[in-house]
Amino acid sequence: MIILNEKEIKIEKFPNNEIRIRNIINLIKEQNLIEFKYENSDDLISLLFIKSKIDDLQKETNLYIRYMPYSRMDREFENDLFLLKYIASYINNLNFNKVFILEPHSKETEKLINNIHPIYIMEDFIKQVKSYINEENIQIIFPDEGSFKRYNYNFDNYVVFRKRRNEETTNIELLEIQEGKIKPNTKAIIIDDLCSTGNTCNKVAKILKANKVKEVYVLAVHTENQVINKDIIKEDYVDQIFTTNSLLTKKHKKIRILNFNITN
């Protein structure tokens with residue numbers, strides 16, 4: 001999905017699947033903001049076409065990427081390509097004035113993207129969720145060491161879990177408390193940047209509920225659509241998920257979308 005100056009662009013196709021983009025000329029301004037939400041590879045080629053037209057008119061353009069695509073492929077794996085590097089090169093070649101990226105999943109993104117302005121929003125989101133829960137006695141839960149390193153804002157009341165996966169199956173084979181102590185009769189917020197299947201958060205929530213935590217919430221900046229069909233939604237350990245629409249396109253009563261504004 002591509003939004004140009006707050007107007008979603010309709011991407012059409014010819015019978016042979018070539019992309020067709022119409023009715024954007026009147027949307028172009030002296031200063032432009034393209035909002036990019038990766039849903040499939042058509043979005044990448046459409047971004048090229050739209051930016052090229054704006055360049056033809058010699059107008060300036062900033063880019064806002066809701067979730068940096070291919071962030072998981074952020075290094076040279078044994079049998080896989082370093083795809084983040086190549087996508088970053090593609091974006092760099094489009095020569096945007098500024099590139100805003102919401103909560104980059106990989107730190108490599110900041111090294112690879114030119115003119116990058118990362119948007120780190122978690123601290124503000126935590127305040128929003130606390131206000132929504134309307135409870136003073138709240139524990140912050142880090143589902144693994146990565147989350148703790150990323151979002152340790154010197155909380156007074158937190159728990160850090162240690163997680164180990166099986167290298168072959170990627171299944172979680174160890175999940176235990178590394179630091180802190182679960183306090184019964186409290187409410188808890190599990191925080192992370194990305195909720196893919198929700199498996200880790202659901203397992204953590206199960207441990208929390210077993211230790212008499214009253215309510216468990218998940219706060220993830222990015223959440224994938226597949227969580228809708230996973231245990232984190234189907235089971236009752238997580239009471240609600242707070243996230244953005246950076247990846248999510250589906251709706252569920254258990255999911256609440258948080259909004260924010262960026263400065264162009």
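Numbers for the structure displayed
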quantity	calculated
Amide H partners (placed H, <5 Å) of Phe100, local residues excluded	Leu63, Tyr64, Ile65, His117
Dimensionless Rg ratio for the chain, taking C-alpha atoms and the 2.2 N^0.38 Å reference	1.11
Largest-first principal axis extents of the Cα set of region 193-258 (Å)	33, 21, 20
Where GluC sites (Glu not before Pro) fall in DSSP loop in region 201-264, at most 15 other Cβ within 10 Å	Glu235
Value of relative contact order over the chain, rounded to a whole percent, pairs C-alpha under 8 Å and six or more apart	11
Contour minus Cα-Cα distance for Lys212 and Ile233 (0.36 nm per residue)	5.6 nm
Förster radius 51 Å - calculated FRET efficiency between Ile28 and Asn171 (Cβ-Cβ, nearest 0.05)	0.55
Cleavage-rule hits (trypsin sites (Lys or Arg not before Pro)) in region 169-210: DSSP loop, at most 10 neighbouring Cβ within 10 angstrom	Lys181
Region 144-232: relative contact order as a whole-number percent, Cα under 8 Å and 6+ apart	26
Student exercise, region 2-119 dipole from Lys, Arg, Asp, Glu Cβ charges, in Debye to nearest 20	280
Amide proton proximity set for Val213, modelled H, under 5 Å, gap of 5+	Asn185
Cβ-Cβ FRET estimate between Asn245 and Lys59, R0 fixed at 25 Å, reported to 0.05	0.40
Calculated [θ] (222 nm, deg cm²/dmol) that DSSP helices of n ≥ 4 give over the chain, each run adding -39,500 (n - 2.57)	-7500 deg cm²/dmol
Max mean-square fluctuation residue, GNM over the chain, Cα-Cα springs under 10 Å, options Asn115, Asn92, Asn26	Asn26
Within a Gaussian network of the chain (alpha carbon springs, distance under 10 Å), most fluctuating of Phe96, Phe155, Phe49	Phe155
Region 210-264 and region 141-164: distance between their alpha carbon centers, rounded to Å	18
Per-selection Kirkwood Rh - region 2-119 (Cα, Å, 1 d.p.)	14.9
Rounded to whole Hz, the Karplus (6.51, -1.76, 1.60) HN-Hα couplings of region 115-131, x for glycine and proline	6, 7, 10, x, 10, 9, 10, 4, 4, 5, 5, 4, 4, 4, 5, 4, 5
Within the chain: Cβ-based charge dipole about Cα centre, in debye rounded to nearest 20 (Lys, Arg +1; Asp, Glu -1)	680
For Ile190, residues with placed amide H under 5 Å, excluding near neighbours	Ile141, Tyr217, Val218, Leu219
Pairs of alpha carbons in region 103-212 whose separation is greater than 23 Å (percent)	34
Highest-fluctuation residue, Arg22, Arg150, Arg66 considered, GNM on the chain with Cα pairs under 10 Å	Arg22
Candidates per GluC sites (Glu not before Pro) in region 1-105, loop by DSSP, up to 14 other Cβ within 10 Å	Glu6, Glu18, Glu30, Glu39, Glu76, Glu78
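Where a number appears in this text, it was derived from the coordinates with a stated rule and is not lab data. Computed from a prediction, not measured in an experiment: that's the story for all the values here. So basically every Cβ, Gly included, is an ideal-geometry build from the backbone, and we count neighbours across all protein chains shown.
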